[in-house]
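What follows draws every value from the coordinates through simple rules; no lab data is involved. Being a predicted model, the structure only gives us computed values, none of them experimental. Every residue, glycine among them, receives a Cβ derived from its backbone with ideal geometry; neighbour counts consider all protein chains shown.
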Amino acid sequence: MSASPPATPCRLLVVEDDADYAQLLSRNLERSGFKATTVKSAEAAFELLADRTFDLILTDIRLPRASGIDLIERVTAQIAAGEMEPQPIVVLTSINSVDMAVEAMRKGAADYLTKEATRDEIALRLRKILEANELAHENRQLRRTLTRYEEFENIIGVSDAIKRVKDQVAEIAASDVTVLIQGETGVGKELVARALHRASSRARGPFIEVNCAALPDENLLLSELFGHERGAFTGAINRKRGHFELADGGTLFLDEVGELGPIAQARLLRATESFEFTRLGGERPIHVNCRLVFATNKDLAAEVKEGRFREDLYYRINVYPIFVPPLRARPEDIAPLARFFAARFAEKHHLAAPSFSPGALRALRDNPWPGNIRELRNVIERLSIRFHGREIGPEALHDLNLGAPAESGAIVLPEGGIDLEQVEESLVRQALQRAEWNQRRAAGLLGISVDRMNARVKKFGITHPSWRVHKGGRGAPEDAD
Ligand SMILES: Nc1ncnc2c1ncn2[C@@H]1O[C@H](COP(=O)(O)OP(=O)(O)OP(=O)(O)O)[C@@H](O)[C@H]1O
Ligand SMILES: [Mg+2]
């Protein structure tokens, strides 16, 4: 059987320092329908690979400075780190150094070929590897589409508020308009961003997410966003593409944009004006085509007034705002969400789903949910394990200190007035006690955010032994159960 040329020529990178053999090989490869680019050293290969992706790399083992094995190690490490597209490597050896080939395969080479192999043998072997790789690639894509589809189906809710959000997503999906998603923590901002991407014409392109709050060091964040050239700063060993570049053809989701420092804000402003930027330490302008979606749980307009967020950047990103309301503002979504999560966790833990008594649903509805849907989801996961196949009553929720918040207007101001600070401290302590020193739940009892709870704990100097076991120290608003 002789190998017939494929429809589009596969692009091979050949790394071979022996000029005569390199010429012979690339001529043979071209005749078999491949397109070969030849370089003479591992260093040159690496330089090229920073910018280009090949379908396959064919490398000699003995090379002038860094060896073929070094090349395999670096390439596989970069692929594993997501810094390089997957591309198989095949090593070339002479018949009497097969042990080197074995070593190469241990380091991650897909196969080896001896230099004595005929043109057809080589073509056949390479084509087999390319086919296997193509299949693996398709499987990866398929898996990605499946999880995406699952998420899309999962924007649960019957309230007018969530319907409005879905309508907005549908309205702007086809356009490339820049979107700013605002809302408290855990309301589903990321879910909305993903839904927007999937509903858009860029659905087949990448969805790249960057959490701007995850990296405290501004230089690191800049290099994540815009990439860097080799040697741009200490530790920049290789050239690296940033998230802007990776999002080309797709959507770039910049989460927690309110956390960006002044330098990053300035760079972002320039990048969003022209979709053009340079890598850190680089000069060549890079142009990308991507849709920008921003999210924040801060009140950005207030951040602008306070002088912490650039006004010009605010106007640039706040082109089409979507506000995802907190759960307590759409109580009719609570029951469908609770049932949905109960069913999902039942499936996940291989248990029968619990049901909810009317009293339990009422208690869920009356809870303020400062952590929004994420908090509801965690509570339902716990209940699903405890109550699988049974009915959840209101007691179960009271056990978790969930249910009606304190009735408003129940406190009457005494004749002689009060010391508000003292009352506040006393209520904070009582709430903590009732919540078994879980700050998040205590915050729920007081109808305030975890951040505000934390601030009060600090203000009153409240401590509890159980808080020290957590890595975050005394302020850690963690679950104790
Ligand atoms: N309408 C919804 N239907 C189903 N699941 C939802 C819905 N909204 C949120 N969720 C789920 O709640 C969790 C929190 O949502 P998400 O991460 O999107 O919130 P967020 O607003 O980005 O929060 P943060 O500000 O903390 O980043 C996720 O597991 C998400 O799948
Ligand atoms: Mg989020």
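Tabulated values for the structure
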item	result
Share, in percent, of DSSP beta bridges within the chain that are antiparallel, nearest 5	10
Segment ARG204-ALA132, extension gain: residue separation times 0.36 nm, minus the distance between their alpha carbons	23.7 nm
Proxy reagent accessibility, fewest Cβ within 10 Å first, across TRP467, TRP437	TRP437, TRP467
Degrees between helix 372-386 axis and first principal axis of the chain (Cα, 0 to 90, nearest 10)	90
4 °C / 1.567 mPa s Stokes-Einstein diffusion coefficient of the range 332-399, Kirkwood radius on C-alpha pairs, µm²/s	111
Residue order, fewest to most surrounding Cβ atoms within 10 angstrom, among GLU332, GLU245, GLU43	GLU332, GLU43, GLU245
Rounded tilt (10° steps) of 160-172 against the dominant C-alpha axis of the chain	30
Fraction of antiparallel bridges per DSSP, the range 154-325 only, in percent to nearest 5	15
Whole-Å distance, taken between Cα centres, linking the range 255-308 and the range 57-116	40
Ranking of THR59, THR53 by count of other Cβ atoms within 10 Å, fewest first	THR53, THR59
Crossing angle, helix 334-349 versus the chain [Cα axis fit, 0-90 degrees, rounded to tens]	50
Neighbour net charge for ALA431 - beta-carbon separation under 13 angstrom, K R +1, D E -1	+3
Descending principal axes extents, the chain, alpha-carbon based, whole Å	102, 53, 49
PHE340-GLU283 pseudo-label distance in nm [points 7 Å out on the Cα-to-Cβ vector]	5.3
All-pairs Cα distance distribution in the range 420-475, expressed in whole percent, bin size 5 Å	4, 21, 34, 29, 9, 2, 0
